[in-house]
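Structure first, commentary second.
The values are calculated or read from the model by the stated rules, or taken from the named source; none is laboratory data. Since the model is a prediction, treat every value here as computed from it, not as a measurement. Positions of Cβ are backbone-derived with ideal geometry, glycine not excepted, and every protein chain shown enters the neighbour counts.
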Amino acid sequence: MSGALDWIPGALEKLEAQGLRRGLEPLGSPQGPVVRLGGAALVNLCSNDYLGLAAHPRVRAAAAARSEAEGAGAGASRLVCGDLPVHRELEERLARLKGKEAALLFSSGYHANLGVPAALTGKDDAIFSDVLNHASIVDGCRLSFARTVRYRHKDLQELDDLLAASRARRKLVVTDAVFSMDGDAAPLAELTALCERHGAMLYVDEAHATGILGARGGGLCEALGLSGRVDVVMGTLGKALGSFGAVVAGSHDLREWLVSRARTFVFTTALPPGACAAALAALDLLAAEPERRERLGALTARMKAGLERLGFPMGEVVAPIFPVILGDERLALEASRRLRERGFLVRAIRPPTVPAGTSRLRVTLSADHAPEQVDGFLGALGDVLAGLPR
Ligand SMILES: Cc1ncc(COP(=O)(O)O)c(C=O)c1O
């Protein structure tokens with residue numbers, strides 16, 4: 001070996017000193033309200049398995065049966081020889097859930113966000129992106145030849161001014177529906193109207209809204225009656241739907257265009273049959289068991305009220321994502337460590353995932369949590385915060 005990687009140990013030490021080094025720790029159990037980690041049973045307050053479907057017996061059985069029947073992998077890109085009937089079946093179901101004509105599967109939300117903005121824009125175009133959009137959107141904008149302009153979080157006036165001033169051939173506005181680290185919602189009705197007024201395309205990432213918001217769990221667009229007006233809606237299958245993959249829903253023309261032009265669709269292996277079958281089973285459960293979403297709603301209200309009593313404003317939170325902002329990286333890490341000692345798994349989220357100075361505990365819930373687990377966490381958090389040097 002050349003020794004050309006010798007810079008890494010020093011760089012890792014620097015990350016460590018800044019409280020920014022990340023590490024992996026394998027779980028000793030499937031997803032659930034309680035998981036095993038490092039030999040301990042911990043109340044799991046950091047998964048995106050919001051509806052408790054990732055390890056649901058019917059979801060597991062569907063994945064297993066389809067894998068048994070059709071194999072573990074799709075073997076190739078959809079365009080080569082990996083286009084399976086289950087892909088179409090899932091796309092049709094997801095198009096209906098999203099209230100759209102058509103849908104196209106992607107390998108993950110990250111793939112969708114990397115591929116779609118670049119497919120919709122070129123060098124004469126401009127993308128307008130909320131500063132708090134997910135990292136995959138940031139990276140997707142970088143992959144486009146369009147000029148990317150970031151607007152202040154949910155700042156409609158700034159966006160309006162930027163759109164008015166832009167001479168771009170095509171304009172694309174991109175936003176998270178529910179912001180992944182803050183749990184707040186984009187002002188979608190206003191954004192839709194703004195895009196219509198300026199002739200801009202609107203791309204909405206419903207990673208944390210799919211399965212949660214809307215009368216049928218279709219997402220924020222459904223909740224606000226905007227499904228027919230938002231051009232491009234992305235949803236992930238790996239969070240509330242307990243599986244893996246993502247969908248981009250819109251018009252038939254949009255789907256056709258992406259099949260030819262979205263590089264992260266064209267140049268990657270298709271989703272495995274088992275993952276698609278798991279998502280189909282999750283969609284069945286979403287429709288058949290509305291009580292899951294009701295339970296999650298009640299737990300969300302309980303957590304919000306409790307965190308507000310501890311002094312953390314939660315007024316903007318619309319989904320089971322609660323930002324407990326502590327500021328300093330090391331403080332967030334220490335709070336996470338102490339909560340773990342008390343039996344609660346909550347991760348410290350640090351830059352670059354969140355802006356510098358806003359390191360936090362990102363607390364999430366699943367429909368399968370018991371109210372007592374929420375209360376227990378709130379009590380432990382109160383004790384831990386009282387003991388921290390703040
Ligand atoms: C807002 C948002 N978009 C996209 C993604 C990526 O989705 P996936 O995990 O399916 O790659 C995430 C995941 O964390 C997210 O929070």
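Are any of the residues in the stretch 179-188 aromatic (Phe, Trp, Tyr) and closer than 17 Å to Gly235 by Cα? Yes. Specify which of the listed residues (Gly71, Gly99) is surrounded by fewer than 22 Cβ atoms within 10 Å (Cβ to Cβ), within 14 Å of Gly235 (Cα to Cα) and more than 16 Å from the ligand (Cβ to nearest atom). Unique residue meeting the criteria: Gly99. Once the stretch 257-304 is narrowed to residues that are β-branched (Val, Ile, Thr) and in contact with a His (Cβ under 9 Å, 6 or more places away or on another chain), the residue that is surrounded by the most Cβ atoms within 10 Å (Cβ to Cβ) is Thr264. Scanning the stretch 105-149 for residues that are within 14 Å of the ligand (Cβ to nearest atom) and more than 29 Å from Pro273 (Cα to Cα), we see that the one that is surrounded by the fewest Cβ atoms within 10 Å (Cβ to Cβ) is Val131.
Can you confirm whether Gly82 is in the same structural domain as Val248 (by TED's automatic domain parsing), within 20 Å of the chain's Cα centre (by Cα) and not charged (D, E, K, R)?
No: the conditions fail for Gly82.
Residues in the stretch 190-210 that are more than 13 Å from the ligand (Cβ to nearest atom) and in a loop (DSSP other than H, G, I, E, B) were compared, and the one that is surrounded by the fewest Cβ atoms within 10 Å (Cβ to Cβ) is Gly199.
Checking the structure you have, find out if any residue of the stretch 169-178 is modelled with pLDDT of 95 or more, assigned by TED's automatic domain parsing to the domain that holds Asp205, surrounded by fewer than 19 Cβ atoms within 10 Å (Cβ to Cβ) and out of contact with any Asp or Glu (no Cβ under 7 Å at 6 or more places or on another chain). Taking every residue of the stretch 169-178 in turn, none turns out to be modelled with pLDDT of 95 or more, assigned by TED's automatic domain parsing to the domain that holds Asp205, surrounded by fewer than 19 Cβ atoms within 10 Å (Cβ to Cβ) and out of contact with any Asp or Glu (no Cβ under 7 Å at 6 or more places or on another chain).
Out of all the residues in the stretch 212-243, which are buried (at least 22 other Cβ atoms within 10 Å of the Cβ), in a loop (DSSP other than H, G, I, E, B) and within 13 Å of the ligand (Cβ to nearest atom)? Correct list: Ile212, Gly219, Leu237, Lys239, Ala240, Leu241, Gly242, Ser243.
Each row is one residue, and each column tells you yes or no for (1) at pLDDT below 95; (2) over 30 Å from Leu79 (Cα atoms); (3) hydrophobic (A, V, I, L, M, F, W, C).
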position: Lys239; (1), (2), (3): no, no, no
position: Ala249; (1), (2), (3): no, no, yes
position: Pro273; (1), (2), (3): no, no, no
position: Leu280; (1), (2), (3): no, no, yes
position: Asp328; (1), (2), (3): yes, yes, no
position: Leu345; (1), (2), (3): no, yes, yes
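Residues in the stretch 4-23 that are modelled with pLDDT under 95 and not basic (Lys, Arg): Leu15, Glu16, Ala17, Gln18, Gly19, Leu20, Gly23.
Does Gly357 satisfy the condition of being touching a Gly at 6+ places or on another chain (Cβ under 9 Å) and part of a helix (DSSP H, G or I)? Considered against the rule, which asks whether it is touching a Gly at 6+ places or on another chain (Cβ under 9 Å) and part of a helix (DSSP H, G or I), Gly357 comes out as no. Screening Leu163 on (1) buried (at least 21 other Cβ atoms within 10 Å of the Cβ); (2) more than 16 Å from the ligand (Cβ to nearest atom); (3) closer than 16 Å to Val232 by Cβ shows it passes everything except condition (3).
Looking at Val259, Val248, Val174, just one residue is in a helix (DSSP H, G or I) and farther than 21 Å from Cys46 by Cβ, and that residue is Val259.
The rows are residues; the columns are (1) assigned to a helix (DSSP H, G or I); (2) aromatic (Phe, Trp, Tyr); (3) away from the ligand (no atom under 16 Å from the Cβ).
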| position | (1), (2), (3) |
| --- | --- |
| Thr268 | no, no, no |
| Cys276 | yes, no, no |
| Leu285 | yes, no, yes |
| Leu296 | yes, no, yes |
| Ala319 | no, no, no |
| Phe322 | no, yes, no |
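One residue stands out among those in the stretch 33-71 that are on the phi > 0 side of the Ramachandran plot and at pLDDT 95 or above: the one that is farthest from the chain's Cα centre (by Cα), which is Gly71.
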